[in-house]
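**Q** Sending over a structure as structure tokens; questions will come in a sec.
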Amino acid sequence: MGMTTLEGTVEKINFTNEETMYTVARLALPGGGSTVAFVGSFAKLSVGERVRLTGEWVVHPEYGRQLQVESYEALAPTTPKGIERYLGSGLIKGIGPATAKRLVAAFGEETLKVIEEHPERLRWVEGVGQVKAERIVASLADQRELKEVMVFLQGHELSPGLAMRLHRRYGRRTIEVIRENPYRLADEVFGVGFKTADRIARQLGMAPGDPNRLDAGLRYALSEATGEGHVYLPADQLWRRAAELLEAPQVELEASLGRLASGGEVTIEGQDVFLTSLHRAEVGLAERLRLLDQAAAVPIAAEDRVAKEIAASLAGGGPALGDEQRQAVAMAMSSGVTVITGGPGTGKTTVINTVLDLFERFGRRVVLCAPTGRAAKRMTEATGREAGTVHRTLEYRYAQGQGLSFARDEDNPLEADAVIVDEASMLDLALCHHLARAVRPGARLILVGDVDQLPAVGPGNVLRDVIASGAFAVARLTRIYRQAGESLIVLNAHRINAGEPPELNRRDGDFFFIEEEDPEKIRTEILQLVTRRLADFRGLDSVRDIQVLSPMHRTPVGVEVLNRELQERLNPAPDGGERASGLGRFRPGDKVMQVRNDYQKGVFNGDIGWVAAVDDEEGEVTVSFPESDVERQVIYDRGDLDELTLAYAISVHKSQGSEYRAVVMPLTTQHYVMLQRNLLYTAITRARELVVLVGTRKALSVALHNDQIQRRFTRLKERLAVGGASPRGAGGTAR
């Protein structure tokens, strides 16, 4: 039929896929009255925008005749109505529908010209002062720059949010930077991986053997391995991954590795290849832990004095201690580095509180911290003393272009005689290294956690390696205390950890299994449980008290589908106030989660909050994050929204360090690859009052019998064992 070119105004946007930018919309043709349908992939398109479209007519079997757009050009709107709709679409920061209406009423067809050439006249309009006028002018200029970037990137299937981040990072040089070396994006911009950068590079004509490509590919292979928890890769695995990724000959890959090693980006140790930052962290952590253990070899007080103070603590109303707990307390008082590990109900908190009391009796200062804000808040509630995140305890700082740093280190150590870290299984290698550096020699470092839970999301397996090294005092608590023993959650956690089937569906119990095989019916069952049945049964708040945990993201009962369904039922769309991002649509009242560390905002991967407000005029979403007894509000603009995802349902990994009144979890063989004993164990130990599993007994059996912990390539255990102290332990299985 040939190519057709149309000019008109975007009348309506029926659908947009925020990830691929595929859009279905209608175009109002000049003269009024006539509209046509068009489809295609666009940079951010707005109602009221004038466009020139070029494409071919096609007939859709369901929706009829529509223009399949091959290329388009954004044109400035010319009519008052078009200008008002364009300005009020939410694209221009500082202008919402009401302000757009007032501006067009004041300046008519000259509105855009006034903004660009005579911005001082904006102050004549009611509600637009000097500050707001300046923001409008700057935002319109940014939008035009951003539009150029989006048009340039539209062929590479990059989302609008990602284009905004690129523009924010590189400004007017965005297109220039991409043309010079698109692989910079993979290293410097969150959300751009090697494969995206490689697609752009290949489309721009970069040769497959270009050194920039090979170097970036090797860096990506190592970085992907750290995302799987590895600290290094054996050379043969690196070559295998790189060959699949780059399809390059071995000699070229070896030359690339040589360049990276010469530049200090990687460190080669025997046949193992490390990112240099992780090699330094692992070597440094091993050296620091041995130093701390040796420097604090002298006990806080004589053994009989400690025993007397424990007795005094008990007499003063302190908690009773079992034999394992007494040994754990004694270890913490006499060792430089101590690990206290045990499952739910074994009294880890009792040990922490006793150690705290004793240190205070001896006039010593203790600092409490945990890897996440939620874990720190729980620690505060359990001890009655202030606990902070590890990041805040170390007084983190972040500067654009310089990255993350900490005020507390070996030159400015924490003012503490003991540092107690709860949920220590969540400590990754880099964070634990920073923490150990900030503990002064002579002070105690006490790591408390459940080594049988999932390891840290980041690289390393610190708690398990420290225990396995045999170089430090380790107390493993195994006895379940009476009150905890009355809970099926606690009893079943220990049964599952031992590979034994849990006790289910006791009438007066707190652990239930609903058998269902069909994934669609499992999803329906979960939706009914969360939205109605558990609220009626236990008086639970569907959003605040119940957390859905799923082993995977993309299945009919995965995180993504459950989030969409739960949002529609628990927080249906209002008439307005909804903003789109690549990860979902956010509404006032939505439960959301931060998905990466943002040091500028002071929010971290896994933090959960609630959408407090959606401001169309400013293009901002405000999220309230609880901190201790207060809630801190954080503002996100359009370019930040892919840092957030809905959190009605989250992955088990993201739940670490948290506690919920009730946990609901699907168990289906569709999740086969993730059905592991420690994943199920971690999930159910997040619940305080109630666990409901929905799925098949086969999936439950698979999880129970799969005790294979995915190996992580680390050398910490061996580094700690070299020259370390002789093995010490209490509670049965210390190594």
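**Q** Could you look through the stretch 435-452, keep only residues that are touching a residue at least 60 places away in the same chain (Cβ under 8 Å) and part of a loop (DSSP other than H, G, I, E, B), and pick out the one that is surrounded by the most Cβ atoms within 10 Å (Cβ to Cβ)?
**A** VAL439
**Q** Could you please let me know if GLY336 is crowded, with 21+ Cβ neighbours inside 10 Å and modelled with pLDDT of 90 or more? If you could, list the steps in order and put the result at the bottom.
**A** Numbers: crowded, with 21+ Cβ neighbours inside 10 Å: yes; modelled with pLDDT of 90 or more: yes.
Yes; evaluated as a whole, the condition is true for this residue.
**Q** Can you report the number of residues in the stretch 246-279 which are in a helix (DSSP H, G or I), open to solvent by 40 Å² or more (accessible area, probe 1.4 Å) and either touching a residue at least 12 places away in the same chain (Cβ under 8 Å) or over 30 Å from GLU410 (Cβ atoms) (or both)?
**A** Residues in the stretch 246-279 being in a helix (DSSP H, G or I), open to solvent by 40 Å² or more (accessible area, probe 1.4 Å) and either touching a residue at least 12 places away in the same chain (Cβ under 8 Å) or over 30 Å from GLU410 (Cβ atoms) (or both): 7 in total.
**Q** Go through (1) open to solvent by 30 Å² or more (accessible area, probe 1.4 Å); (2) more than 28 Å from ASP637 (Cα to Cα); (3) at pLDDT below 90 one by one and return the number of the condition GLN154 breaks.
**A** GLN154 satisfies all of (1) open to solvent by 30 Å² or more (accessible area, probe 1.4 Å); (2) more than 28 Å from ASP637 (Cα to Cα); (3) at pLDDT below 90 except (2).
**Q** Now a separate question. Select from the stretch 462-486 the residues that are surrounded by 18 or more Cβ atoms within 10 Å (Cβ to Cβ), more than 31 Å from the chain's Cα centre (by Cα), at negative phi and assigned to a loop (DSSP other than H, G, I, E, B) and list them in ascending order.
**A** Residues satisfying the conditions are ALA471, PHE472, ILE480.
**Q** With ALA382, ALA456 as the choices, which residue is among the aliphatic types (A, V, I, L, M), at pLDDT below 95 and buried (at least 19 other Cβ atoms within 10 Å of the Cβ)?
**A** ALA456 is the lone residue from the list that is among the aliphatic types (A, V, I, L, M), at pLDDT below 95 and buried (at least 19 other Cβ atoms within 10 Å of the Cβ).
**Q** Tell me, which residue of the stretch 611-631 that is at pLDDT 85 or above and surrounded by fewer than 19 Cβ atoms within 10 Å (Cβ to Cβ) is nearest to ARG168 (Cα to Cα)?
**A** The selected residue is THR622.
**Q** So, one more: Within the stretch 553-563, does at least one residue satisfy the condition of being open to solvent by 30 Å² or more (accessible area, probe 1.4 Å), modelled with pLDDT under 90, assigned to a loop (DSSP other than H, G, I, E, B) and farther than 19 Å from VAL652 by Cβ?
**A** No, the stretch 553-563 contains no residue that is open to solvent by 30 Å² or more (accessible area, probe 1.4 Å), modelled with pLDDT under 90, assigned to a loop (DSSP other than H, G, I, E, B) and farther than 19 Å from VAL652 by Cβ.
**Q** So, one more: Taking the stated definitions as given, is PRO455 touching a Leu at 6+ places or on another chain (Cβ under 6 Å), assigned to a loop (DSSP other than H, G, I, E, B) and either of a type in the set (A, V, I, L, M, F, W, C) or in contact (Cβ under 8 Å) with a residue 60 or more places away in the chain (or both)? Break it down stepwise before answering.
**A** Working: touching a Leu at 6+ places or on another chain (Cβ under 6 Å): no; assigned to a loop (DSSP other than H, G, I, E, B): yes; either of a type in the set (A, V, I, L, M, F, W, C) or in contact (Cβ under 8 Å) with a residue 60 or more places away in the chain (or both): yes.
In short, no.
The values are calculated or read from the model by the stated rules, or taken from the named source; none is laboratory data. What you are looking at is a predicted structure, and each value in this text was computed from that prediction instead of being measured. Neighbour counts run over all protein chains shown; Cβ positions are idealised from the backbone, glycine included. In case anyone asks, the SASA skips ligands and DNA or RNA and just uses the protein heavy atoms, side chains included. Shrake-Rupley method; radii C 1.70, N 1.55, O 1.52, S 1.80 Å.
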